[in-house]
Amino acid sequence: MTEVTVSEEKKRELFTFLLKSRRLEEKLIDMITRGEIAGWLHPSLGGEAVGVGVTGALKPKDYINNTHRGRPIIVTRGVPLKRFLLEVLGKKGGPCCGIAGEMHYADIEYGILGTQGMVGANIPLSVGFALACQIKNSGQVVVSYFGDGAVDEGNFHESVNMASVWKLPIVFAVENNRWAQFIPQIFTAAQPDIWRKAEGYNMPGQLVDGTNVLEVYRAAFEAVDRARRGEGPTLLECRFNRWLGHYVGDPQKYRDRKDIEAACQVDPVTKFREQLFAEHLLTAETVEKLEQAIKAEIEDAVDSARCSPPADPKTVFDNIYV
Ligand SMILES: Cc1ncc(C[n+]2csc(CCOP(=O)(O)OP(=O)(O)O)c2C)c(N)n1
Ligand SMILES: [Mg+2]
């Protein structure tokens, strides 16, 4: 198979999304720690290359679901940060009228199908979207994005089987951070090599380094292309080691300190920045300018969301089916 070529422009774009995801996440962590955001925040630090690489392989008309760690997906879909922050801070002007917040962010204008609180619940829903795309012959591809924990749910197995039988235009992208809440994957998965499960469903399966944005992007690009050609789904396992706890503030008493230290040594943003320096596609000066622009965009988004009118509690039951 020939390797997917990545233009210089695309490499710079992927780096911009990585850096923006990182800085946005740092800001959200700061805000939730100070009590400015309601609920929990499930940090994406260290795993940005998975969301950015997979989402970066999509066309604007394609669909992807968000996850509880999905800020890299939102950033790479090109959602304006002002729009996202309105939802995060529960403001009326957010795409879900401030009712969804960060955790359940859905934004159909940007092809973001939303997040389900039930682990694995998005998988059959994404298959349904892919079936709709196939019936309409719309040329769209759906990415069903989920964590390693979801793979041990029945939903996963029924969904991938159906998608493969019907050759649906879908890619199953697993963000394997080796943990589901407070349990390591090796305690719950009889076969921790998720990519190998593809064989049981007669589809290609591939393991990629989840800290290498180009590797993720190339694998996702091929899988999306295959799905668009009508050849059916692919299972991508993007593996890395979670940096922080399950949620911001999780003291991780259940985890070996050495494991945490080793995980934090592998930084997808720094790795890609160094690679682009070596390829003469970035300079320290351009990175500094980018940092300033991202900082200004984030601060502006937060300030304007803070000053916006709150969601109306009376609307909380609107748009509910049952
Ligand atoms: C069906 C179901 N079971 C349990 C939970 C509680 N829960 C919330 S997040 C989570 C871990 C999910 O792990 P994974 O899919 O690997 O995603 P990660 O948080 O590691 O990104 C669990 C078990 C839930 N929300 N839904
Ligand atoms: Mg996990």
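All of the numbers you see were taken from the coordinates with simple rules; none came from a lab. All values derive from a computational prediction rather than experimental measurement. A quick note on method: Cβ atoms are made from the backbone with ideal geometry, for glycine too, and the neighbour counts reach across all protein chains shown.
General remarks:
- HN-Hα J in Hz across the stretch 251-261 - Karplus 6.51, -1.76, 1.60, θ = phi - 60°, x for Gly and Pro: x, 6, 5, 8, 10, 5, 4, 5, 5, 5, 4
- Cα centre as origin, Lys/Arg/Asp/Glu Cβ charges: the chain dipole, Debye: 400 debye
- For D250, residues with placed amide H under 5 Å, excluding near neighbours: G245
- Set of lysines with alpha-carbon distance to K271 below 25 Å, sequence-local pairs under 8 removed: K10, K11, K20, K27, K258, K289, K295
- FRET efficiency, E109 to R12 (Cβ-Cβ, R0 35 Å, nearest 0.05): 0.85
- Calculated diffusion of the stretch 175-232, Stokes-Einstein form, Kirkwood radius summed over Cα pairs, 25 °C and 0.890 mPa s, µm²/s: 188 µm²/s
- Spatial separation of Cα centroids for the stretch 53-93 and the stretch 268-322, in angstrom: 10 Å
- Cβ-to-Cβ counts within 10 Å put S164, S159 in ascending order as S164, S159, the fewest first.
- Computed with the Debye formula from one identical point scatterer per Cα of the chain, without solvent, the log10 of I(q)/I(0) at q = 0.07, 0.11, 0.12 Å⁻¹ comes to -0.26, -0.68, -0.82.
- Karplus-derived 3J(HN,Hα) values for the stretch 156-165, using 6.51 cos²θ - 1.76 cosθ + 1.60 with θ = phi - 60°, are 4, 5, 5, 5, 5, 4, 4, 4, 6, 4 Hz; glycine and proline are entered as x.
- Cβ-based net charge around A301, under 12 Å, with every Lys or Arg adding one and every Asp or Glu removing one: +3
- Listed values for the stretch 65-81 are Karplus-derived 3J(HN,Hα) couplings in whole Hz (6.51 cos²θ - 1.76 cosθ + 1.60, θ = phi - 60°), namely 8, 7, 10, 5, 10, x, 4, x, 5, 4, 4, 6, 6, x, 5, x, 4, and x replaces Gly and Pro.
- For peptides 41-47, 294-300, 2-8, sequence by mean Cβ density within 10 Å, most packed first: 41-47, 294-300, 2-8
- Sorted on the mean count of surrounding Cβ atoms within 10 Å across their residues, most packed first, peptides 65-77, 189-201, 137-149, 278-290 read 65-77, 137-149, 189-201, 278-290.
- Pairwise Cα inverse-distance average, inverted: Kirkwood Rh of the stretch 1-157 (Å): 16.3 Å
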